[in-house]
Amino acid sequence: MPKTRVPLLALLTLLAPALAAAGEEKHDTRDKKTVRTLDARFTTGGVELVELEFPVGRLIVAGHQSRELVVKVDLACEAAKSRSCQDAARQVRLVGRIDDERLRVELEDWPRVGARGLQAYARVHVPRLLPLHCELGVGELKVSGMEGNVAIDLGVGEVHVTMPEHAVGSVQLDVGVGEADLLTAHGRQSGKGWVAKELHWRKGKGESTVRVDCGVGEINVALVGGKPE
């Protein structure tokens, strides 16, 4: 899988809206800024990989025991009364397709020329043993409770991954501009490098791999103890 690498000027241009998206963490996205909500459920029988792709905002992924994949997306506008943003939100579709044992879930018909202040706040519950690949253009991405392979590509923003230590064998973190940290039972490690940071850890006893690639921003991965319930 190719690494996420965006020209520096483009990344810096995107950085401001990314920080704004992260700042929404303090607010309830169910307020007046939410102009539309999309939700769906997908069966995962025969699925060997889950792929999630979202453009701008926040993506929260949680592993669960069910075999269903459950998605809820709030589409929000920076200005609640923005007509252009509301019109753009009405065009967006939540789509899931199974192709060659891969279930891909994404938002289609997102505005191509500027998002008009439109952001997506998505919460996805995924069968915890399935391999997962997430892509987010700008914003914040959180993954917790997964036990299969996890791969993440983020353009600009923050990534936070929490997984059970017993499930993970190796972690690879790469950030073009920013910071990368890994927390295990043996302490915290930081990525090496001046501007770009890399961290490669292969001391786990599990079988799963964690790979995170971020253009500009921050990566935090925590491997926690305990067996699943």
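Numerical summary
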item	result
Sole exception among (1) open to solvent by 20 Å² or more (accessible area, probe 1.4 Å); (2) over 15 Å from F54 (Cα atoms); (3) more than 14 Å from the chain's Cα centre (by Cα) for G148, by number	(1)
When residues of region 33-67 are limited to those that are part of a strand (DSSP E or B) and among the hydroxyl-bearing types (S, T, Y), the one most open to solvent (accessible area, probe 1.4 Å)	T43
Matching entry among A76, A40, A122, A62 (being at pLDDT below 95 and of a type outside the set (F, W, Y))	A76
Hey, G204 of a type outside the set (V, I, T) and under 18 Å from S144 (Cβ atoms) or not	yes
Tally of residues being open to solvent by 40 Å² or more (accessible area, probe 1.4 Å) and assigned to a helix (DSSP H, G or I) across region 68-120	6
R202 vs. criteria within 20 Å of V73 (Cα to Cα) and open to solvent by 50 Å² or more (accessible area, probe 1.4 Å)	no
Residue list for region 159-199, restricted to those being touching a helix residue (DSSP H, G or I) at 6+ places or on another chain (Cβ under 9 Å) and surrounded by 15 or more Cβ atoms within 10 Å (Cβ to Cβ)	G176, V177, T184
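The values are calculated or read from the model by the stated rules, or taken from the named source; none is laboratory data. A quick note: this is a predicted structure, and the numbers were derived from the prediction, not measured. Backbone-built Cβ (ideal geometry, glycine too); neighbour counts: all protein chains shown. With ligands, DNA and RNA removed, areas are computed over all heavy atoms of the protein, side chains included. Shrake-Rupley method; radii C 1.70, N 1.55, O 1.52, S 1.80 Å.
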